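What follows is a set of notes on a single structure, which appears directly below.
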């Protein structure tokens, strides 16, 4: 298992695959960017992708509860004016190493009802379990959008609680059926896996993720800037996550 602070950092990803409810046509100018460093700002993302071509829009996805100044979820969207620029951005920027992350750039797809309500709350996790271990346990049941293990702000130790957001609700339901009440490696008690903030069951809703989060601390060095203030990046071959 992984050691150190990586076990308590968010691995922000979002899926761009077609929904199981039917084919959804992809936009050829709108891109989704996964595995962004958490301390990377929206303006730095814009600077990076506008070096390829003119952008129509750029959006870093943040926690809905805390709003524009809240916790980055580690992924975002960039929409180009021209299709050929979007294609070139995928070819040139997909797989780039930024700080402690290797970003993934691909075409985005429209949202659908099938992906709503797919966020899971997991408790009773072994304190030694890392985020990579958590994803490994849930990966067999679907495409993971985001994952997090919550840690104490002072000690940095795991609280034994995590969140997993799947691409589609059916995947989250499958994970609940297979994993709720099981005992993972390194645990002495069964884990609890259930929907977080289920709107149809508000009396049992799990508090929003933002309620557990402390203000974002920069555990890693910030983006490297050259004198002109542009965000710099170094192309490297993609790493195994």
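The values are calculated or read from the model by the stated rules, or taken from the named source; none is laboratory data. Keep in mind it's a predicted model, so treat the numbers as computed, not measured. FYI the Cβ positions are ideal-geometry reconstructions off the backbone, even for glycines, and counts take in every protein chain you see.
Per-residue answers, yes or no, for (1) in a helix (DSSP H, G or I); (2) modelled with pLDDT of 90 or more; (3) not assigned by TED's automatic domain parsing to the domain that holds residue 101:
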{"site": "164", "(1), (2), (3)": "no, yes, yes"}
{"site": "170", "(1), (2), (3)": "yes, yes, yes"}
{"site": "182", "(1), (2), (3)": "no, yes, yes"}
{"site": "188", "(1), (2), (3)": "no, yes, yes"}
{"site": "194", "(1), (2), (3)": "no, yes, yes"}
{"site": "201", "(1), (2), (3)": "yes, no, yes"}
{"site": "206", "(1), (2), (3)": "no, no, yes"}
{"site": "217", "(1), (2), (3)": "no, no, yes"}
{"site": "221", "(1), (2), (3)": "no, no, yes"}
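Yes/no matrix, rows are residues, columns are (1) assigned by TED's automatic domain parsing to the domain that holds residue 57; (2) under 16 Å from the mean Cα position of the chain (by Cα); (3) at pLDDT 90 or above; (4) surrounded by fewer than 17 Cβ atoms within 10 Å (Cβ to Cβ):
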{"site": "82", "(1), (2), (3), (4)": "yes, no, yes, yes"}
{"site": "85", "(1), (2), (3), (4)": "yes, no, yes, no"}
{"site": "89", "(1), (2), (3), (4)": "yes, no, yes, no"}
{"site": "98", "(1), (2), (3), (4)": "yes, yes, yes, no"}
{"site": "120", "(1), (2), (3), (4)": "no, yes, yes, no"}
{"site": "123", "(1), (2), (3), (4)": "no, no, yes, yes"}
{"site": "127", "(1), (2), (3), (4)": "no, no, yes, yes"}
{"site": "131", "(1), (2), (3), (4)": "no, yes, no, no"}
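Looking only at the range 33-57, filter to residues that are crowded, with 21+ Cβ neighbours inside 10 Å and not in a loop (DSSP other than H, G, I, E, B); which one of those is modelled with the lowest pLDDT?
If we take residues in the range 33-57 being crowded, with 21+ Cβ neighbours inside 10 Å and not in a loop (DSSP other than H, G, I, E, B), then 34 is modelled with the lowest pLDDT.
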